[in-house]
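Reading through the structure tokens given below for one structure.
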Amino acid sequence: MYDHKKIEEKWRKYWESNQTFYCDTHDFQKPKFYALDMFPFPSGQGLHVGHPEGYTATDIISRMKRMQGYNVLHPMGWDAFGLPAEQYAIEHNEHPEISTRKNIAHFKKQIQALGMSIDWSKEISTIDPDYYKWTQWIFCRLFEHDLAYVADVPVNFCPELGTVLANEEVIDGKSERGGYPVIRMPMRQWMLKITSYADRLEKDLEGLNWPKSTIEMQRNWIGKSSGVEITFKVKGSGESFRVFTTRVDTLYGCTYCCLAPEHPLIPLLVGENEKKDVLSYLEEAKKKSDLLRTSLSKEKTGVPLGAYAINPINGKEIPIYVADYVLGSYGTGAVMAVPAHDQRDYEFAKAHHLPMIQVLEGDISSAAFEGDAPHIHSEEANGKGIAEAKAIITKKLVALGAGKEVINYKLRDWLFSRQRYWGEPIPVVQKKDGTSAILKDDELPLTLPELDQYAPTKDGKPPLSKAPDAWLHPVYEGEKVTRETNTMPQWAGSCWYYIRYIDPHNKNALADKKLLDHWLPVDLYIGGQEHAVLHLLYARFWHKFLYDIGVVSCKEPFQRLFHQGMILGANNEKMSKSRGNVVNPDEIVETTGADSLRLFEMFAGPLSDSKPWSTEGLNGARRFIERSFRLIDGEEEKKRHSHTNSHELDYVYHSMVKKCTEDFESLDFNTAISSMMVFVNECYKAKTLYVPYLEGFTKIFSCICPFAGEEMWSLLGHDQTIAYETWPTYESDALIQRKVKIAIQVNGKVRDVVEVSPSATEEEVKSLAFQSEKVKPYLAEKTVRKCIYVPGKIMNLVVA
RNA sequence: GCCUAGGUGGCGGAAUGGUAGACGCAAGGGACUUAAAAUCCCUCGGGGGCAACUCCAUGUCGGUUCGAGUCCGAUCCUGGGCACCA
């Protein structure tokens, strides 16, 4: 009798009471396998029914790899800093340290209830000073290498609340809480120079076993584009400005230029008559958040600056405008406008009645022509296509000293500081002379001070600015200094946790170099696609930096990446409290069992697809477990035999082993499970059951359903755990079928199916086909023009 | 608008260019049972036909091929991401 509660409790206790269970042995003789989950943020809601999906997948692979003789590292930890933890603490009026620890304990218990083969001796948490000591250490190294700097950058500031808000706390320009207006305001921030790594981050995407779409997203995010930077002189002043263009070939068609509202030259160049209009336009632009500025679709606004630029290619004077469709943060913050061949410029020119000069043949009566065509009105480039014209004009600009080829990136530097309490303190002090200095390594970790008031306060200053004087004003090299009061973002801790898992208790380094060289890179990383750019790009950036300073020896952290889909509600919508379709995993474990939950989530569909929750499907999974269980513990037990005499069972068993071995590797669990179901169905039909087949099945089964698997293994008479048994192998001979069915087609339509031996010749099959009563009518009074025979599959007779 | 992944029974989904619908769920029938549940077995895309059988079917329209869910070209729809990127 399958009693999930009894069985799961029994084996949970067995694993938990044995501290070395699933611990990797640092055995360098064995091949290694590092299976990593995106570690969870331990929210107050507890585990979601979506969490087990990815975790089960890495768990199945880990269990299979152990059986295949690998030394497996399969750890788990907690991404426990950050805004949501802080807000949860504020809401529950409990210090984040306390509430977060509680949530972690809850999460851990829930994950353990799911039977994950996790090495808990490697457990880490980003909020442990022993851990964030090394997060701070990495920051210090970045600082030393000029990759961390301070800048004034615009943030979302809400004057009413007096705090800086995260993007997700701002909705339509209003604060999420209270609905107060939010403005973009420059504030002193720590930045990390990820742009220095843009080129390598782009290049090294090549060769990663990652989903194509994720690689594409990172490529687009980095946004490499090559073009030309052109210098435009301003008429009647010594000033000049640069624009970046990917379409230098259209330079003869440039009829005006636009500066972003942030452009530093505006105050210097603005004409007396235009001053009022320009200033009020700048004021308006400031009020617009990036979101607002970019969502004002179609309508292109802007005002004339009252200054003129000289087109370096032909000396023509063209007006300069200020327009907020030009972004200060990309390129040079200025563009040359070619309305005939750029749609945005086209719309702006129409709205402001600016001239157009067509420089490529094509129709521009209703929209800009952006395709390739021979150039016109372009002097030396006339008659040439885009590529050739680019080369010609670039050459001329370079000769004139007015242009150079450059590579531009969309990627911006990483805003690394937060005006929050619940994050790693930035290990920096401000000296009296205004310079910043990092703490010495032996002063790390710089721990968070105890604060009564950790909530953001109305003056907009970080909570740490209210820390006790002893913390805030330490003595540094004999001088009384002020500590940095910003903290790090949640991304910081999650940038390198996969490194710490390898050697989590090391006091002298992030991790032992020899161990890092052994375990890295991560062999399989599973997590949601929502991290396709931010986390996965930041972590790659840090990893490359650590590579440069000799901490790690491989260039990329995650060799293979996979995104699991979402578990949707039964109504096919995203699970959420407000939709009332949330399923609680604790309840499922209680009523139906962790094994059923694991099996259901793996069988419901491809791992990467979103799939709806289904209570019927869960019951179906449970039925399969019971059915498998009864093969070993029930009436079917009597059929057990030490030899096999069923060819069908041989075939089905070995097919299953082959299918599971291959499909587990490619994470196609749904089809692997279906082959296991076929095997079990065949067992019920079989007269005898061959014991080694039952054992082989149980080994594979135990990867998906570890509790039931262990129990079945012991019912088969073993007193050792199944976890370190040897993975079953298949015999190719058993996969050769004695009879195969050949579909006989006439002109592509199936008319009969004949059974032959797999080695049957074309002539043999053809003669069977001609004898077939079902085929004959279609051949009557026709000639066979052609015969296509695919052994083991079909024969197609083409007649006319 | 751009990028990206998809559209297959009542449902979740299978299918190296080779018999579309594996496997599961739901449904129906049968066996067992005093009965129910559980279990085991069978049926199960649609139309037509008593039946043998036959026609239609993988969003839509074309194309390539002996043969297309699969490849190519259009087109419609859905999900995810990005969004004035010069």
Checklist entry - Could you name the lysines in cross-link range of A:Lys782, using Cα to Cα under 19 Å and dropping any fewer than eight places away on the same chain? => result A:Lys749, A:Lys766, A:Lys774
Checklist entry - What are the extents of the Cα atoms of the range A:369-452 along their three principal axes, listed from largest to smallest and rounded to whole Å? => result 73, 30, 21
Checklist outcome for this item: Within the range A:138-169, the residues whose backbone N lies under 19 Å from a label point placed 7 Å from the Cα of A:Thr435 along the Cα-to-Cβ direction are A:140-151
Item to check | Coordinate range along principal axes, alpha carbons of the range A:692-800, Å, largest first | outcome: 71, 22, 19
Checklist entry - Relative contact order for chain A using alpha-carbon pairs under 8 Å, separation at least 6, rounded to a whole percent? => result 14
Item to check | Farthest toward positive dipole pole in chain A [+1 Lys/Arg, -1 Asp/Glu at C-beta], among A:Gln343, A:Val522, A:Ile222 | outcome: A:Gln343
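Please identify every one of the trypsin sites (Lys or Arg not before Pro) in the range A:431-476 that sits in a loop by DSSP and has no more than 11 other beta carbons within 10 Å of its own beta carbon.
Details: sites: A:Lys431, A:Lys432, A:Lys440, A:Lys458, A:Lys466; in loops: A:Lys431, A:Lys432, A:Lys440, A:Lys458.
Answer by residue number: A:Lys432, A:Lys440, A:Lys458.
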Checklist entry - Against the longest principal axis of chain A, how steep is helix A:96-113, in degrees 0 to 90 to the nearest 10, with axes from Cα atoms? => result 30
Checklist entry - Based on the Kirkwood radius over alpha-carbon pairs, what value in µm²/s does the Stokes-Einstein equation return for the translational diffusion coefficient of chain A at 25 °C and 0.890 mPa s? => result 78
Checklist entry - Is it possible to state the helix-based mean residue ellipticity at 222 nm for chain A, with each DSSP H run of 4+ residues giving -39500 (n - 2.57), the sum divided by total residues, to the nearest 500 deg cm²/dmol? What is it? => result -10500 deg cm²/dmol
Checklist outcome for this item: Among beta bridges assigned by DSSP with both residues in chain A, the antiparallel ones amount in percent, to the nearest 5, to 75
Item to check | Loop-located GluC sites (Glu not before Pro) in the range A:665-768 whose Cβ has at most 15 other Cβ within 10 Å (DSSP) | outcome: A:Glu731
Item to check | Cα principal axis extents for the range A:395-547, largest first, Å | outcome: 61, 49, 34
Checklist entry - Roughly what angle does helix A:762-771 make with the longest principal axis of chain A, taking Cα atoms, 0 to 90 degrees, to the nearest 10? => result 70
Next on the checklist: Students often check this: by mean Cβ neighbours within 10 Å, which of A:135-146, A:151-162 ranks highest, and how do the rest follow?
Outcome noted: A:135-146, A:151-162
Next on the checklist: When the expected Rg is taken as 2.2 N^0.38 Å, what fraction or multiple of it is the alpha-carbon Rg of the range A:544-666?
Outcome noted: 1.54
Checklist outcome for this item: Charge tally for neighbours of A:Met795 with beta carbon under 15 Å away, counting Lys, Arg as +1 and Asp, Glu as -1, is +4
Next on the checklist: Taking 21 Å as the cut-off for C-alpha to C-alpha distance, list the pairs among A:Lys133/A:Lys440; A:Lys440/A:Lys544; A:Lys224/A:Lys544; A:Lys275/A:Lys316; A:Lys6/A:Lys109; A:Lys699/A:Lys741 that go past it.
Outcome noted: A:Lys440/A:Lys544; A:Lys275/A:Lys316; A:Lys699/A:Lys741
Item to check | Helix A:534-548 axis, angle to chain A major axis (alpha carbon atoms, nearest 10°) | outcome: 80
Checklist entry - Under Stokes-Einstein, with the Kirkwood radius over Cα pairs standing in for Rh, what whole-number D in µm²/s applies to the range A:80-181 at 20 °C and 1.002 mPa s? => result 125
Checklist entry - Where does the range A:469-511 land on the Kirkwood hydrodynamic radius, alpha-carbon pairs, in angstrom? => result 13.2
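Count charges around A:Pro312 for me, please; just the other residues with Cβ under 14 Å from its Cβ, Lys/Arg as +1, Asp/Glu as -1. Present the calculation step by step, with values, prior to reporting the outcome.
Working: positive: A:Lys233, A:Lys235, A:Arg242, A:Lys316, A:Lys395, A:Lys396, A:Lys404; negative: A:Glu229, A:Glu317, A:Glu379.
Net charge in that neighbourhood comes out at +4.
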Item to check | Of every Cα-Cα pair in the range A:430-479, the percent that sits beyond 12 Å | outcome: 71
Checklist entry - So what is the relative contact order of the range A:563-693, in percent, for Cα pairs below 8 Å that sit 6 or more residues apart? => result 26
Next on the checklist: As a quick test, which of the pairs A:Lys122/A:Lys203; A:Lys30/A:Lys513; A:Lys233/A:Lys286 have an alpha carbon distance above 22 angstrom in this structure?
Outcome noted: A:Lys122/A:Lys203; A:Lys233/A:Lys286
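Give, rounded to the nearest 20 debye, the magnitude of the charge dipole that the range A:228-289 has about its Cα centre when Lys and Arg contribute +1 at Cβ and Asp and Glu contribute -1 at Cβ.
With only Lys, Arg, Asp and Glu charged at Cβ, the dipole is about 60 debye.
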Item to check | Over the range A:77-160, relative contact order from alpha-carbon pairs under 8 Å, at least 6 apart, % | outcome: 31
Checklist entry - Excluding A:Gly207 itself, what net charge comes from residues whose Cβ is under 12 Å from its Cβ, given Lys and Arg +1 and Asp and Glu -1? => result 0
Checklist entry - Once the dipole of chain A is set up with Lys and Arg at +1 and Asp and Glu at -1 on Cβ about the Cα centre, which of A:Phe33, A:Val790, A:Phe157 lies farthest towards its positive end? => result A:Val790
Item to check | Directionally averaged shadow of the range A:117-250, computed from the convex hull of its alpha-carbon atoms, nm² | outcome: 16.4
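Readers should treat all values here as calculations from the given coordinates under stated rules, not as data from a laboratory. Bear in mind that the values here come from a model prediction, so they are computed numbers and not experimental data. Note that each Cβ is placed from the backbone with ideal geometry, even for glycine, and that neighbours are counted across all protein chains shown.
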